[in-house]
Amino acid sequence: MMPRCLESDVLERFARGELSGESDAKAETHIATCRRCARKLASLPVDEKLLEQIRDADRSRREIAPALSTLNAITERLTTTLFHAPPPGFV
């Protein structure tokens, strides 16, 4: 027996990222195996506000990437120095 298709409101909430972790995972698994639900999801209207928020987040991520890279390198050097080097005066 095939699992029932997702209700339209569930698909809409999935598209907006409003489902809880378990519900989101179940919906994603169902959509991956159900052509009908995948088509319904693809046909939903685009939420322009959400799309702009995603674009803004992507721009922000790209803008801070160099700083994060530098911070990660500094953190790695400090961690190596503090936790892997012998104490001063240790012979």
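The values are calculated or read from the model by the stated rules, or taken from the named source; none is laboratory data. All figures in this text were calculated on a predicted structure; none of them were measured in a lab. For neighbour counting, all protein chains shown are included, and Cβ atoms are generated from backbone atoms with ideal geometry for every residue, glycine included.
Here are a few things to note about the model shown:
- Given (1) modelled with pLDDT under 90; (2) in a helix (DSSP H, G or I), index of the condition Glu28 fails: (1)
- Hits in region 18-40 (condition: loosely packed, with under 14 Cβ neighbours inside 10 Å and in contact with a helix residue (DSSP H, G or I) (Cβ under 7 Å, 6 or more places away or on another chain)): none
- Which listed residue, of Leu50, Leu71, Leu41, Leu11, is assigned to a helix (DSSP H, G or I) and touching a Gly at 6+ places or on another chain (Cβ under 9 Å): Leu50
- When Arg4 is tested against the conditions (1) outside any helix (DSSP H, G or I); (2) surrounded by fewer than 10 Cβ atoms within 10 Å (Cβ to Cβ); (3) modelled with pLDDT under 85, the lone failure is (3).
- Boolean, Leu11 is surrounded by fewer than 13 Cβ atoms within 10 Å (Cβ to Cβ), aliphatic (A, V, I, L, M) and in contact (Cβ under 8 Å) with a residue 24 or more places away in the chain: no
- Those residues of region 41-61 which are hydroxyl-bearing (Ser, Thr, Tyr) and surrounded by 10 or more Cβ atoms within 10 Å (Cβ to Cβ), in sequence order: Ser60
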